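One structure is given here, and the rest of the page talks about it.
Read-outs throughout are calculated quantities, based only on the coordinates presented, and are distinct from any laboratory measurement. Note that this is a predicted model, so its numbers are computed, not measured. Positions of Cβ are backbone-derived with ideal geometry, glycine not excepted, and every protein chain shown enters the neighbour counts.
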Amino acid sequence: MIVSVELGERSYPVYIDEQNSFVDLLKATGGTSFVVVTNDTMAELYAEELSRWESEITGLQSVVVPDGEQYKNMETVMSVLDSLLEAKLDRKTVVIAFGGGVIGDMTGFAASLFLRGVRFVQVPTTLLAMVDSSVGGKTAVNHAMGKNLIGAFYQPIFVWIETRFLDTLPEREFVAGCGEVLKYGFIGGESMFAFVEEQFQDVLARDRDAVREVVRRSIQIKADVVAEDERETGRRALLNFGHTFGHALEKMYNYSGILHGEGIFWGIRCAIDLGFEAGFIPTDLKARYDRAASKIIYPELPSKPTVESLFSYMFSDKKTEAGKLRFVVPTTIGESIVSSAVTKEQVISVMNKVFA
Ligand SMILES: NC(=O)c1ccc[n+]([C@@H]2O[C@H](COP(=O)([O-])OP(=O)(O)OC[C@H]3O[C@@H](n4cnc5c(N)ncnc54)[C@H](O)[C@@H]3O)[C@@H](O)[C@H]2O)c1
């Protein structure tokens, strides 16, 4: 399957379990050299894969960075750039991000900086990266002041997805990725909502066909949104459904103890309840939303969240505008709006109930 991300001259294909060869696609780029950026976990698990690529593509080398969100920073980006500079690579270099969202975000950012920008390819290996982060061109690293605060919009030249990579993904990471899948159910229109209603359990059970289909559908939704609003001046903000709450949770636990996708599960519950509380969701849809929300897997939190602190953490999110919180709340089936028309009291009340 191929989904196309339509961005004029920066358009690119996303290959999902395609039969053609990744190596041939790389060679067809005409790159003079190729650098795979990955982490130590992936380098060990996929040592054979990496050595096959190295043997089949002249001039391909790997750069291995430490695994973990705590290494998603400028220091690691600088170490990648050091490696590229030391290898004396030129502007026809193609950089390949082989890993989850952390590797994808960081590698894309490094590629945007090296010699003012070289081409890069995303090879996402977590469910979260397959359905979300590898598409759309948001690249970034974290700063002590907050997550993803330093970055660039920089699109890959193609995305290569093989769902077999998920076979080695730990269960907790897989389930967390389902948080983003559920998000697409709420923002992606009737057909996606129905798919999630019917097949979310199959996806959770890692049924290969269901996983492949949900990856395709999610990417199609993301590609459509990104094609319309690449730099998030409008519609793209819908992709942040559940994220205002989710990011606050991640920050509260200092980005450890809760995974990004786990925060999204909780965030979705809060966003739905806020939709009711603020009167955006008509009552006749309540039952259907509740059924969809019942699929939420609430990960255990390291400790009971303090609601007032969570509220204050929301203001450090870069999605605030002129100091105002903006929430993505569902309205009709499969659709949402971005609104600042919610009161602090409503937000606090929702969180008090959800985190009771
Ligand atoms: N750019 C975007 O649009 C966007 C969107 C959503 C999230 N993100 C970012 O993505 C990051 C989270 O990504 P993630 O959830 O993929 O986390 P991750 O990249 O940290 O990967 C999770 C863990 O799984 C391991 N792993 C990856 N693939 C594996 C495989 N196939 N087999 C076994 N282990 C594997 C990784 O080494 C890591 O330990 C966050 O930094 C978040 O900010 C970016």
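Okay, here's what the table says:
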item	result
Computed magnitude of the charge dipole of the range 171-354 (debye, nearest 20; Cβ of K, R +1, Cβ of D, E -1)	300
Residue order, fewest to most beta carbons within 10 Å, for GLU9, GLU44, GLU345	GLU9, GLU345, GLU44
Two-decimal Rg/Rh across the range 2-168, once Rg and the Kirkwood Rh are taken from alpha-carbon atoms	0.92
Between helix 171-187 and the chain: long-axis angle, C-alpha atoms, 0 to 90°, nearest 10	60
Estimated FRET transfer efficiency when R0 is 22 angstrom, pair GLU56-GLN19 (beta carbons, to 0.05)	0.85
Of LYS295/LYS353; LYS72/LYS222; LYS295/LYS324, those spanning more than 20 Å from alpha-carbon to alpha-carbon	LYS72/LYS222; LYS295/LYS324
5 angstrom amide H check on VAL65, placed H, neighbours 5+ away	THR38, ASN39, ASP40
Gain upon complete extension [MET74, ALA356; 0.36 nm per residue less C-alpha separation]	97.7 nm
Under-5 Å amide H pairs with GLY99, H placed in peptide plane, nonlocal only	VAL123, THR125
Cα-centre dipole for the chain with unit charges at Cβ (Lys and Arg positive, Asp and Glu negative), debye to 20	880
Amide H partners (placed H, <5 Å) of ARG119, local residues excluded	VAL95
Taking N as its residue count, the alpha carbon Rg of the chain over 2.2 N^0.38 Å	0.97
Rounded tilt (10° steps) of 208-228 against the dominant C-alpha axis of the chain	80
Listed peptides 85-94, 180-189 by packing density, highest first (mean Cβ within 10 Å)	180-189, 85-94
Residue-averaged [θ]222 nm for the chain, counting only DSSP H segments that reach four residues, each worth -39500 (n - 2.57)	-13500 deg cm²/dmol
Inter-label distance, nm, simple model (7 Å from Cα along the C-beta direction), ARG231/ARG291	4.3
